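Enquirer: Can you read through this structure? Questions will come right after.
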């Protein structure tokens, strides 16, 4: 029986990771934290605009964009096709993702405005169709396209190359993927700060936004493009499927705990920190996928937030009951309603 | 502001036709709304009242024809135009408080990258005071009643400080006190030279509320001073043969005799 779940060895799970393997695990946790925070922030806007499904759609339809971009790159520069490890690979990756995001957004828009197809159906058709196209591209041109389907789908934060360092004036600062994710996180933060008004009003009330001269369509388009950049940056760590959880779970958890948008953004950071740290230890304990463990931890936090929300709502309902009763019965335990 | 040429009318609609999925909802609407009037848009369900407002606000594309606001297309006139959508059109669980919503009315004047300044907060507070919602400034919008939600929307419109307002059913589902407060406020705005178009559902009250009535049933049935529009013939034309409405019409017309 004990072979099903590994023993919880304190030394192995909690101590060694921060003594002998401290550097590696530090970068892994930081990477997970950056991915979850960035995805959580952008994903919060998807939640506010009730288009959580768009995160799912883009994360899948980016696949043919990546495959296509690598294919074109390998035709232009035969023999040098390599992954996202170097700068050229990264550029190709981002361009492919942006193109795919643009095509996806426009296709969905056209499909549901120019015909009777409803938006959710349009999303379903476009993203699964494009994803299938991507799968074909990867398998048919396996030689030219240096993309591992498993890697794109599942990612693995533990195997991200933490060996090449980003250098600043000759000193190692951070591994390249971590540095890149940090830049994307900073840009996301700046973007939300700069366009807070536009994002807020076009999410809350598109009609008012347009009367203020803010084009809701443009805000939507920019959000989709930036979403694709964030998703691609998170790909190698968490993959196309788990990135959806990273987009939705932090914001959904935070939204249960607060009704103030700035506080929700802070709670997303907290959620990201807890889920990446505890996720790493969960993965070390169970010897499983680190990204998967981080998402499971994040979902665990969501369940806790949901339970506390339910309890609070129920308590508020109880508290409001005695107010209708005549004074003096307030403290009486008999006001507890009987179950029907 | 420039006195030389006669100012363009706040709203001019020319030969406007709108269709959803090839099914026409509005047909050949031609109308010029003069400044400083409170206009009621009246018609049965599905007559295209809300659609008319949405076309003016650029939210629904016209199939043909055009809309000019103060002689300009919407893109150039939006700073002078305010919009109060139907209350149900937004998500009231959205994580913002009353102050945040009213401040949105100031966004158009702020321009890119700027956050609301002290004067914007002052303006928002003054608007909230006007609708009696100042004590609720920090309350989450999820904890408001229907009437309070409508007052917040109205405060936002006031903070916007526009010259032309489109309001989509501001009286729907509000309590009597709020309805009275809203109509007082609308009259006050009108007296300050603002032009206000209000989609309205209730025929009997329409007679007392508005200066001009726009009767719509896919086509423009009539547009003019409320007294001239309140005839059995025109209202029957607007509402077709709907019996329940007809008795309401008869009632409303009969009341007209005893002011």
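Enquirer: Go through region B:171-200 and count every residue that is without any contact (Cβ under 8 Å) to a residue 40 or more places away in the chain and outside any helix (DSSP H, G or I).
Expert: Here the count works out to 4.
Enquirer: Find the residue count for region A:187-230, including only residues that are at positive phi and more than 13 Å from every other protein chain (Cβ to nearest Cβ).
Expert: Residues of region A:187-230 at positive phi: A:213.
Narrowing further to those that are more than 13 Å from every other protein chain (Cβ to nearest Cβ): none.
Counting residues in region A:187-230 that are at positive phi and more than 13 Å from every other protein chain (Cβ to nearest Cβ) gives 0.
Enquirer: Further question on the same structure: Give the residues of region A:2-28 that are more than 16 Å from residue A:235 (Cα to Cα), in a helix (DSSP H, G or I), touching a residue at least 24 places away in the same chain (Cβ under 8 Å) and touching a helix residue (DSSP H, G or I) at 6+ places or on another chain (Cβ under 8 Å), sorted by residue number.
Expert: If the condition is that a residue be more than 16 Å from residue A:235 (Cα to Cα), in a helix (DSSP H, G or I), touching a residue at least 24 places away in the same chain (Cβ under 8 Å) and touching a helix residue (DSSP H, G or I) at 6+ places or on another chain (Cβ under 8 Å), then A:12, A:13, A:14, A:17, A:25, A:27 are the ones that fit.
Enquirer: Taking residue B:138 and the conditions (1) under 19 Å from residue B:175 (Cα atoms); (2) assigned to a loop (DSSP other than H, G, I, E, B); (3) within 14 Å of chain A (Cβ to nearest Cβ), which numbered condition does it fall short on, given that it satisfies the others?
Expert: (1)
Enquirer: Condition first: exposed (fewer than 15 other Cβ atoms within 10 Å of the Cβ) and either modelled with pLDDT of 90 or more or within 14 Å of another protein chain (Cβ to nearest Cβ) (or both). Now tell me which residues in region B:21-41 satisfy that.
Expert: Matches in region B:21-41: B:21, B:22, B:23, B:30, B:32, B:34.
Enquirer: Sort out which residues of region B:51-83 are touching a strand residue (DSSP E or B) at 6+ places or on another chain (Cβ under 8 Å), farther than 15 Å from residue B:13 by Cβ and surrounded by fewer than 21 Cβ atoms within 10 Å (Cβ to Cβ), and write them in order of number.
Expert: Scanning region B:51-83 gives a single hit, B:80.
Enquirer: Residue by residue through region B:142-170, note down the ones that are surrounded by fewer than 21 Cβ atoms within 10 Å (Cβ to Cβ), at pLDDT below 90 and either touching a strand residue (DSSP E or B) at 6+ places or on another chain (Cβ under 9 Å) or part of a helix (DSSP H, G or I) (or both).
Expert: Passing the criteria: B:142, B:143, B:146, B:147, B:161.
Enquirer: A further question follows. Tell me which of these residue A:226 doesn't satisfy, since it passes every other one: (1) modelled with pLDDT under 90; (2) closer than 17 Å to residue A:102 by Cα.
Expert: All conditions pass for residue A:226, except number (1).
Enquirer: Might you let me know whether region B:81-103 holds any residue that is more than 13 Å from chain A (Cβ to nearest Cβ) and at pLDDT 90 or above?
Expert: No; the residues of region B:81-103 include none that is more than 13 Å from chain A (Cβ to nearest Cβ) and at pLDDT 90 or above.
Enquirer: Do you know which residues across region B:106-117 are touching a residue at least 24 places away in the same chain (Cβ under 8 Å) and within 8 Å of chain A (Cβ to nearest Cβ)?
Expert: The one that is touching a residue at least 24 places away in the same chain (Cβ under 8 Å) and within 8 Å of chain A (Cβ to nearest Cβ): B:108.
The values are calculated or read from the model by the stated rules, or taken from the named source; none is laboratory data. If you're wondering where the values come from, they're calculated on a predicted model, not measured in any experiment. Ideal geometry is used to build each Cβ from the backbone, glycine not excepted, and the neighbour counts take in all protein chains shown.
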